[in-house]
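Working notes, structure below.
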Amino acid sequence: MTERSIGQVMHKWAEDLFPINRSLTGEGVRQTLNYLKKILPDLEIKSVPTGYEAFDWTVPEEWSVSEAFIEDEHGVRIVDFKVNNLHLVGYSVSVDEWLTFDELNAHLYSLPEQPDAIPYVTSYYTKRWGFCLTHSQRQQLNKDGKYHVVIKSEHKKGVLNYAELVLPGVSEKEVFFSTYVCHPSMANNELSGPVVTTALAQWLMGVQDRRYTYRFVFIPETIGSIVYISKNLKHLKQKVFAGFNVTCIGDDRCYSYLPSRAGDTYSDKIAQHVLKHIDPDYKKYSWLDRGSDERQYCAPGVDLPVATIMRSKYGEYPEYHTSLDDLSLVTPGGLEGGFNALKAAVEVIENDCYPKINVLCEPQLGKRGLYPTISEKGSADKVRDMMNFISYCDGEHSLFDISEIINIPFKSSITYIHKLSASGLIKC
Amino acid sequence: MTERSIGQVMHKWAEDLFPINRSLTGEGVRQTLNYLKKILPDLEIKSVPTGYEAFDWTVPEEWSVSEAFIEDEHGVRIVDFKVNNLHLVGYSVSVDEWLTFDELNAHLYSLPEQPDAIPYVTSYYTKRWGFCLTHSQRQQLNKDGKYHVVIKSEHKKGVLNYAELVLPGVSEKEVFFSTYVCHPSMANNELSGPVVTTALAQWLMGVQDRRYTYRFVFIPETIGSIVYISKNLKHLKQKVFAGFNVTCIGDDRCYSYLPSRAGDTYSDKIAQHVLKHIDPDYKKYSWLDRGSDERQYCAPGVDLPVATIMRSKYGEYPEYHTSLDDLSLVTPGGLEGGFNALKAAVEVIENDCYPKINVLCEPQLGKRGLYPTISEKGSADKVRDMMNFISYCDGEHSLFDISEIINIPFKSSITYIHKLSASGLIKC
Amino acid sequence: MTERSIGQVMHKWAEDLFPINRSLTGEGVRQTLNYLKKILPDLEIKSVPTGYEAFDWTVPEEWSVSEAFIEDEHGVRIVDFKVNNLHLVGYSVSVDEWLTFDELNAHLYSLPEQPDAIPYVTSYYTKRWGFCLTHSQRQQLNKDGKYHVVIKSEHKKGVLNYAELVLPGVSEKEVFFSTYVCHPSMANNELSGPVVTTALAQWLMGVQDRRYTYRFVFIPETIGSIVYISKNLKHLKQKVFAGFNVTCIGDDRCYSYLPSRAGDTYSDKIAQHVLKHIDPDYKKYSWLDRGSDERQYCAPGVDLPVATIMRSKYGEYPEYHTSLDDLSLVTPGGLEGGFNALKAAVEVIENDCYPKINVLCEPQLGKRGLYPTISEKGSADKVRDMMNFISYCDGEHSLFDISEIINIPFKSSITYIHKLSASGLIKC
């Protein structure tokens, strides 16, 4: 038996979670969080009730759907929520009526420019009902026909669920990861976020002597992060010195970065360093391009150092918010690339320090076996990176700063620091 | 009757003022200032006497001309000051002589590369006489002829005039505008400056509850600004927080900006913001390209925050300092564009503030009718600028800063602040 | 008799010094320093003994060679140290053996890509012997032959020599120049450094009332600078405010600059200013490209403001570290260009000041004969640089700052300051 790669493991989790009908609240979120708790046993599933007030917002009622379909005059089901939960506009109210084509048409959503995609549409804060379907299918509907539309849904008092996992470290200072679990059957946006975050937490559980404390939250987007912040703001502002919003991190087309509002936090610098060394052509977005939970984490007065490392960013790939954002778009390799980028960011955080050389002038590396014993044209080039590294070990530049200045991956700096610490030349 | 546009009104003023023979001192300046006082009744016309010492300079004598011409042997007037006051070198002394061509030629000024232009020449600080004419005409002069040159001019003790208008505001802090009235019959450099400044003052007179005090000065260039600074330096340094030198602001070929010596004052930032949103291709000059009264206002030890917004800059358009700089070059549209740029700068100054949102995290805009009630692909784009605007309402970025960061005209920021203040979400 | 140019004088010195077999220590260094002492009588030749410990390093034994050659079976000398001292690997131990071609070949060094060049190879810190030869010659060796290799060399306790010259100035603050004297018969790297430094010291000896103290050191590279720093660190850190490492400054192909580790010291700024005005296309290297004694002078904790002005940089020209780096590559013109660049740097240091104008607003230059008396189109351009210069004489910008801002050579600023000081307008 071949051991599965971490990418394959994550992809399998995404397959299991894909069919669940997630929304801001309700059974879908609970099923999802319970699934993740099996992987991360210390994950704590929490809730706040409908009507809970968080800053300017109020937790909505829970929404559940027992069935939802459109039938034609012959009883043929044209559109059925059971086939794809994107067919139903999120938060749709109940209906049971016979309609003309024109009456029905006012409640239909499709994408003329993507005729084979079912769009993802929600109406969380205004009561509505509607169906989403491919534009191809919509165009084939009989304009003279009658249609039976049935939605059996319920909006009732309940709870908004979210989950939290804290992995303590030597320091109480925290690194924060947030991802969201409110999207129905779509893969890059947004099963990639929860599965990569889960894999990252699982990896960190196995790391001995974690230097820092790690906090992971799995929440519904927007209302979830607002609720979470409203309950934890003081703690987060005191403890969190780096953080990442984990979203759209599963396809394999590109890497991208979206800054925090401040733009120059430690998280921002690390994200850019890590991505540059994975893919020099990674895409840099601006705060003005944002659209996920960094909107809350970096809002005025909240101001957490939360940056975003992504593969293809929400809104920027054609399959975004449609049924085409599926598990063929998100691949084991895509997920693994995203996981590795975040892991590399953690490795920076865990290993950064201010190295200081303890001799004046250059050390005599030859006598320590770290320098070519013969000097000929070009011989110095072989140790150039290491000599550059040493030249900045002044106790004022961090390992991260040095990696940036001499333009080597942080991983290489770790190698140098190990080699030079072993020689007793440098302390970090 | 159609109401005339402000551009047409300014152009008419320029037409009225064009024929006057202005110089540093004398009747021409007085006629000009008296004309402007009819439009701005509170304009105060002031004077300092010949011999008045201002820093390193001394106010010169008044110069007046009763007639000035060149006649040929047949009594034909070849060149006559009455036809165009540029024909006479400014500050020419009296002369009444018969000269050979060669003797005459040493006193003639023309432009070989612009054969149809009469150049503008002055000799304020060395006694001289001379005539300016088109190069075409000069080349047709009979080299064997005799010429009768007559200049009846007078240099005598008198005064240097300038005018000042102060429009008080709620704050004693001042915005300063300076323009000059010493150029004879030329239009962009320099009737455009006085007429646009006059229109701006007239508009501000009608603005209710001016937040700041506005000070306008109409002066002869260089000696005028030096005299003005010598009398008002302490006051100006205490009160003026933004200022503009108004010159070359009447043609319609381009917009341009010349910085203060410091280069990064509030005036500089506003000028660049305003021009960028009027014309992304506006020309940016450097302090090293200067040549107008910013030389005095920004001199070491004076250091007022005075920037310059222009249309075609002095020295940079072919008609500059010739008879071709006339009222066909300066147009109603050109003047109106210049006026609007300065008005937009004043609107920034009057409306700038530090907006602060009074909820944590993003506000729930849906319940206030400010957000689409349905979420589908692209729906967030419709409110993106407003959401970006809100994201910087942290009490630390000014309305101006935010406009710059999110790259929208300040006017749009005013719209957002009105809308969001009305919703009670933001205070400025 | 025509007087020789300084370039010719320096080239003659280099010719005299070229044949000497220099190494880190020993007779070659002593002969070289004694030669220079004839030109600079106050040069002090100093020494530290073998075994002297300087930070992480130990002064090695002296190395001397009486003969070194390879003979073939017929007694023909194929390679002889007497012909070119590069033929012998530096610090080679003694040997006297008959070898097969294969045995010999393991001790030979040549450059396949430069078949006519003898490479420069040393093995200072590991005992070895070897010969360097052209690749052409190596390829003609008889693979079936026998070879007699003889090296009569000695490693014994002795001293490491270096020399120092201090030219006192009005201020105890010091300008520091360092160059190295350990390379055998090569010209750009490295006889150009000692001869240009010598010429510079000679010139400065003749400068009346030197404002600053000048310190010149002639040392073996690396071990020499480390020894020198170990003996003088406190003094250097207290006194030296500008310094230059002088190397590779004799060919005439380009100019180049390598920064100090800090990158923005006064020396760095001056070096860039001077080179920009000599050659706008001069090459800018980075600290990461370094490879000479700035490695020691700028090491963490040493941190002297030492920048490097070069012609073709070590490692960047094909003849580097081979017998082709000879006195046809280094020319009188090349040396003179390098000398002039360093001299210009010294002229900045000696003449820099903070000029302040003593009138407010612009001065009336006309009455001082410094401004055109007639104002016509373009007349201001003739005095534009001077007017720009004056506009920054605010006591806050140095003469150097002003030269940079208005983009004129420092020399021109000196001219202006003389002219304006004479008029009593500006004090420096």
State the antiparallel share, in %, of DSSP beta bridges confined to chain A, rounding to the nearest 5. 65 percent
Dipole size in debye (nearest 20) for region C:63-156 around its Cα centre, Lys and Arg Cβ +1, Asp and Glu Cβ -1? 320 debye
Cα shape, region A:63-156, gyration tensor, a/c 1.5 rule: oblate
With labels modelled as points extended 7 Å from the Cα through the Cβ direction, what inter-label distance (nm, one decimal) is found for C:S328 paired with C:I405? 5.1 nm
Is there a quick way to get the dipole size of chain A? I mean about its Cα centre, with the Cβ of Lys and Arg at +1 and of Asp and Glu at -1; what is the value in debye to the nearest 20? 1480 debye
Where in region C:200-214 is the amide nitrogen less than 18 Å from a point lying 7 Å along the Cα-to-Cβ axis of C:E3? C:200-208
Using a label point 7 Å beyond Cα on the Cα-Cβ vector, give me the inter-copy distances for A:V383 in nanometres, one decimal, shortest first. 6.3, 6.3
Once normalised by the length of chain A, the mean sequence separation of its alpha carbon contacts under 8 Å that are 6 or more apart gives a contact order in percent of 17 percent
Taking 7 Å along the Cα-to-C-beta vector as the label spot, tell me the B:S421-A:K38 distance in nanometres, rounded to one decimal. 5.8 nm
Which of the GluC sites (Glu not before Pro) across region B:339-419 are loop residues per DSSP, with 13 or fewer other Cβ within 10 Å? B:E396
Determine the relative contact order of region C:356-427: mean sequence separation of Cα pairs under 8 Å and six or more apart, normalised by residue count, in whole percent. 42 percent
So for region C:356-427, taking the charge dipole from beta-carbon charges (+1 Lys/Arg, -1 Asp/Glu), which of C:G424, C:M387, C:I406 sits furthest toward the positive end? C:G424
Along Cα→Cβ at 7 Å, what distances in nm separate the B:E347 label point from those on the other copies, shortest first? 5.5, 5.5
When the charge dipole of region C:63-156 is computed with +1 on Lys and Arg Cβ and -1 on Asp and Glu Cβ about the Cα centre, the Cα farthest towards its positive end, among C:S153, C:Q139, C:P112, belongs to C:S153
Using alpha carbon centroids, what distance separates region B:127-198 and region C:185-218, in Å? 59 Å
The size of the Cβ-based charge dipole (Lys, Arg +1; Asp, Glu -1) of the protein assembly as shown about the Cα centre, to the nearest 20 debye, is 2780 debye
Calculate how large, on average over all directions, the projected area of the Cα convex hull of chain B is; give the answer in nm² to one decimal. 25.5 nm²
Chain C - Cys residues lacking any other Cys C-beta under 4.7 Å: C:C132, C:C182, C:C248, C:C254, C:C298, C:C361, C:C393
Quick check on region B:1-65: take the gyration tensor over C-alpha atoms, sort the square-rooted eigenvalues as a ≥ b ≥ c, and tell me if it's rounded (a/c under 1.5), prolate or oblate. prolate
Run the accessible area of region B:1-142 with a 1.4 Å probe and give the carbon-and-sulfur part as a rounded percent. 49 percent
Between rounded, prolate and oblate, where does region C:381-428 land on the alpha carbon gyration tensor, with a ≥ b ≥ c its root eigenvalues, rounded for a/c under 1.5, else prolate if a/b exceeds b/c? rounded
Considering only DSSP beta bridges with both partners in the protein assembly as shown, what is the antiparallel share in %, to the nearest 5? 65 percent
Run the quick spin-label model on A:R368 and B:D102: label points 7 Å from Cα toward the beta carbon, then report their separation in nm to one decimal. 8.8 nm
Per DSSP helix of 4 or more residues, -39500 (n - 2.57); summed, then divided by the residues of the protein assembly as shown. What does that give at 222 nm, rounded to the nearest 500? -9500 deg cm²/dmol
Residue of chain A nearest the A-to-C rotation axis [by Cβ], rounded angstrom distance: A:D264, 12
Output row for A:H74: copy-to-copy label distances, label 7 Å along Cα→C-beta, ascending, in nanometres, one decimal, is 10.7, 10.7
Which of the lysines could a cross-linker bridge to B:K157, judged by Cα under 20 Å and excluding same-chain residues fewer than eight apart? B:K46, B:K127, C:K367
With θ taken as phi - 60° and the coefficients 6.51, -1.76 and 1.60, list the Karplus ³J(HN,Hα) couplings across region A:215-220 in order, rounded to whole Hz; mark glycine and proline as x. 10, 10, 10, 10, 9, x
Cβ-defined net charge surrounding A:K46, 15 Å radius [Lys, Arg +1; Asp, Glu -1]: +1
Long pairs among A:K173/A:K284; B:K269/B:K411; B:K156/C:K419; A:K37/A:K284; A:K237/A:K269; B:K313/C:K276, criterion Cα-Cα beyond 22 Å: A:K173/A:K284; B:K156/C:K419; A:K37/A:K284; B:K313/C:K276
Once the Cα atoms of region B:274-428 are picked out, what are the Rg and Dmax in Å? 20.9, 64
So, in Å, what gap is there between the alpha-carbon centers of region C:250-326 and region C:43-88? 28 Å
Report the calculated FRET efficiency for C:T50 and A:V170 (r = Cβ-Cβ distance, R0 = 45 Å), to the nearest 0.05. 0.35
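The values are calculated or read from the model by the stated rules, or taken from the named source; none is laboratory data. Since the structure is predicted, the reported quantities are computational estimates derived from the model, not experimental observations. So basically every Cβ, Gly included, is an ideal-geometry build from the backbone, and we count neighbours across all protein chains shown. For the accessible areas, the whole protein counts, side chains as well, though only heavy atoms, and no ligand, DNA or RNA atoms are used. Shrake-Rupley method; radii C 1.70, N 1.55, O 1.52, S 1.80 Å.
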